[in-house]
Amino acid sequence: MKRTIDETMHGIIRSISIALTVAFMSLTAAAEEKFTVVIDAGHGGGDTGAVGIITREKDINLAVATKLGKLIEDNFKDVKVVYTRRNDTFVTLQGRADIANKAGGDLFISIHTNSIDKKARNYRTVTGASVYTLGFRRTEENLAVAMRENSVMKLEADYSTVYEGFDPSSTESYIIFEMSRNKHVEQSVAAAQAIQQELVATAGRRDRGVRQANFWVLFKTSMPAVLVELDFICNPVQEKYMASNKGREKMAQAIFNGFREYKRSIDLHTATVNGGKVASKGKNMPKPQRKLTPVDE
Ligand SMILES: [Zn+2]
């Protein structure tokens, strides 16, 4: 049958409108896509992390991580929480990054408890919280923290293969971080600053500032990522605080407040840039307002 111009035009218009509907539906789907936060309780199982007099790092990390996840789940219906571990089990550093990447995380929060060399004169008095992002502002102190946290990989028999020949205790090994480009540095720093501010304001921690160091879990997670060092387990006063339920609740609340602030700034920015139509999942975040706190020790 011969089609009239009118019929042909109708056909074209119908095709265009179908295409537009499909495009609109996929935009809506993108807008409704949940923000995923990956909460990583450092250490676990046979890996205790730093050990204090009355408690162990792995237990503090898990308690704070669990409380943080609950706060987010209770207060944000549009946020999906993924945990790298929910109980006292060992997960490798690469395994943690794999979980985060597979979940398509929008923010990775690793929770740790700090400690320093037993021989240091301030072993029992060192105090304060700091939040780390991946970075190259190398200082000996920050390198020591990264070396301690990365050393966990030596618990794996085949760590040399899994970690591509990386030796966590060799300074030279850290050159691999410098050869990589960190795409999420601005967002990571923004999240770190928001959390750091709250660890001071809400949990009353001494401000050790936002810092940079090369942690494997931050290196291998393909999303904005931060690593929180709550306070020092080697300081008995801080250890007692972190061993208490009240202290753990305060810490979780502080990280939650920081998360809320970071999420708010992303949502605001997304709405401004895209007229609220498409969730860019925080891809074009504004630059951090504050400069990095200089390392003072
Ligand atoms: Zn740790």
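General remarks:
- Test result for R96, surrounded by 17 or more Cβ atoms within 10 Å (Cβ to Cβ) and assigned to a loop (DSSP other than H, G, I, E, B): no
Residues checked against (1) at pLDDT 95 or above; (2) charged (D, E, K, R); (3) away from the ligand (no atom under 16 Å from the Cβ):
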position: L71; (1), (2), (3): yes, no, yes
position: R85; (1), (2), (3): yes, yes, no
position: V91; (1), (2), (3): yes, no, no
position: K102; (1), (2), (3): yes, yes, yes
position: T127; (1), (2), (3): yes, no, yes
position: E140; (1), (2), (3): no, yes, yes
position: K154; (1), (2), (3): no, yes, no
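- Each residue in the range 157-176 was checked for being more than 16 Å from the ligand (Cβ to nearest atom) and open to solvent by less than 30 Å² (accessible area, probe 1.4 Å), and 5 pass.
- Candidates I72, I109, I60: the one that is of a type in the set (V, I, T), open to solvent by less than 20 Å² (accessible area, probe 1.4 Å) and part of a strand (DSSP E or B) is I109.
- Here D117 passes the criteria (1) in contact with a strand residue (DSSP E or B) (Cβ under 7 Å, 6 or more places away or on another chain); (2) within 15 Å of the ligand (Cβ to nearest atom); (3) in a loop (DSSP other than H, G, I, E, B) except the one numbered (1).
- In this entry, R205 is excluded by the filter for residues that are within 14 Å of the chain's Cα centre (by Cα), among the charged types (D, E, K, R), within 21 Å of A120 (Cβ to Cβ) and open to solvent by less than 60 Å² (accessible area, probe 1.4 Å).
- Qualifying residue in the range 37-53 (condition: open to solvent by 20 Å² or more (accessible area, probe 1.4 Å), assigned to a helix (DSSP H, G or I) and either modelled with pLDDT of 55 or more or within 16 Å of the ligand (Cβ to nearest atom) (or both)): no
- Close Cβ contacts (under 6 Å, 6 or more residues apart or on different chains) running from residues in the range 31-46 that are farther than 10 Å from G104 by Cβ to residues that are at pLDDT below 95 and open to solvent by 10 Å² or more (accessible area, probe 1.4 Å) comprise A31/V278; A31/A279.
- H112 vs. criteria touching a residue at least 24 places away in the same chain (Cβ under 8 Å), away from the ligand (no atom under 15 Å from the Cβ) and under 23 Å from the mean Cα position of the chain (by Cα): no
- No other residue among Q193, Q238 is closer than 21 Å to L134 by Cβ and not hydrophobic (A, V, I, L, M, F, W, C) apart from Q193.
- D6 over 30 Å from K77 (Cα atoms), out of contact with any Cys (no Cβ under 7 Å at 6 or more places or on another chain) and modelled with pLDDT of 70 or more: no
The values are calculated or read from the model by the stated rules, or taken from the named source; none is laboratory data. The model shown is predicted, which means the values in this text are computed figures rather than measured ones. So basically every Cβ, Gly included, is an ideal-geometry build from the backbone, and we count neighbours across all protein chains shown. Side chains are part of the model used for accessible areas, which takes the heavy atoms of the whole protein and leaves out ligands, DNA and RNA. Shrake-Rupley method; radii C 1.70, N 1.55, O 1.52, S 1.80 Å.
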